Amino acid sequence: MKIYRSKIDLWLFLLIFGILGGILIESILVREWLVLAIILPVIIFIALLMYSLRYIIDGDVLEIRTGILGKTKIPISGIKSVEKTRNPLSAPAMSLKRLEIMYGKYDFALISPTDRDAFINDLLEINPGIQVKF
């Protein structure tokens, strides 16, 4: 079993926590307790999501774990292609340096493992028929 954490872009981290942190500080300074009660759980939720996002290769299965939001299992033998991309679509990825994984008939997943090349090599060891596009 190999576990890859999601790469986190610094700009994305600063954008999300800069905005939310600013709202948090402002709500404390002006004593807006309702805003604080709303924004604090949002910050905690996003932090947990960032920390728990991972991609696990276990046997012939690629598992995408998104913490409390669930998990997706993809049979590696069913993966047709892997392509490096910067597609900004919503995905279980905290970076725009992503991999687009095509599997099944029309299914795809966008992920951002920290070491994309090692991740691709691990997939190819299990399924050498995967077409890698750069």
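The angle between the Cα long axis of helix 116-126 and the main principal axis of the chain comes to about 40°, on a 0 to 90 degree scale. For the chain, the solvent-accessible area of protein heavy atoms averages 60 Å² per residue (probe radius 1.4 Å; ligands and nucleic acids excluded). Contact order for region 1-59, expressed relative to its length and based on alpha carbon pairs under 8 Å spaced 6+ residues apart, stands at 65 percent.
Full extension of the chain between Leu124 and Ala37 gives 26.6 nm of extra length, using 0.36 nm per residue less the Cα-Cα distance. Counting 0.36 nm for each residue step from Leu29 to Ile68 and taking away their Cα separation leaves a gain of 10.9 nm. Mean sequence separation of contacting Cα pairs (under 8 Å, at least six apart), scaled by the length of region 1-113, corresponds to a relative contact order of 26 percent. Helices in the chain, meaning DSSP H runs of at least 4 residues, each add -39500 (n - 2.57). Divided by all residues, the mean residue ellipticity at 222 nm is -13000 deg cm²/dmol. The count of lysine pairs in the chain with alpha-carbon distances below 13 Å, taking only pairs 8 or more places apart or on different chains, stands at 5. Over all directions, the average projected area of the alpha-carbon convex hull for region 26-69 comes to how many nm²? Spelled out: convex hull of the Cα atoms, projected over all directions, averaged, 3.4 nm². Dividing the mean sequence gap of close Cα pairs (under 8 Å, 6+ apart) by how many residues region 69-125 holds gives a relative contact order of 29 percent. Taking 0.36 nm per residue of sequence separation and removing the Cα-Cα distance, the Phe45/Leu12 pair yields an extension gain of 10.3 nm. Report the paramagnetic label zone for Lys133: residues of region 51-91 whose backbone N is under 16 Å from a point 7 Å from Cα along the Cα-to-Cβ axis. What the label zone holds, given the 16 Å backbone N cut-off, is 79-89. When the accessible area of the chain is split by element with a 1.4 Å probe, what percent falls to carbon and sulfur? Heavy-atom surface of the chain belonging to carbon and sulfur, 1.4 Å probe: 63 percent. Less than 5 angstrom separates the built amide H of Met94 from those of Lys7, Ser112, all sequence-distant by 5 or more or on a different chain.
The values are calculated or read from the model by the stated rules, or taken from the named source; none is laboratory data. Since we're looking at a predicted model, the values are computed, not measured. Cβ coordinates were reconstructed from backbone atoms using ideal geometry, including for glycine residues, and neighbour counts include every protein chain displayed. The protein model used for the area step is the full one, side chains on, heavy atoms only, and it has no ligands, DNA or RNA in it. Shrake-Rupley method; radii C 1.70, N 1.55, O 1.52, S 1.80 Å.
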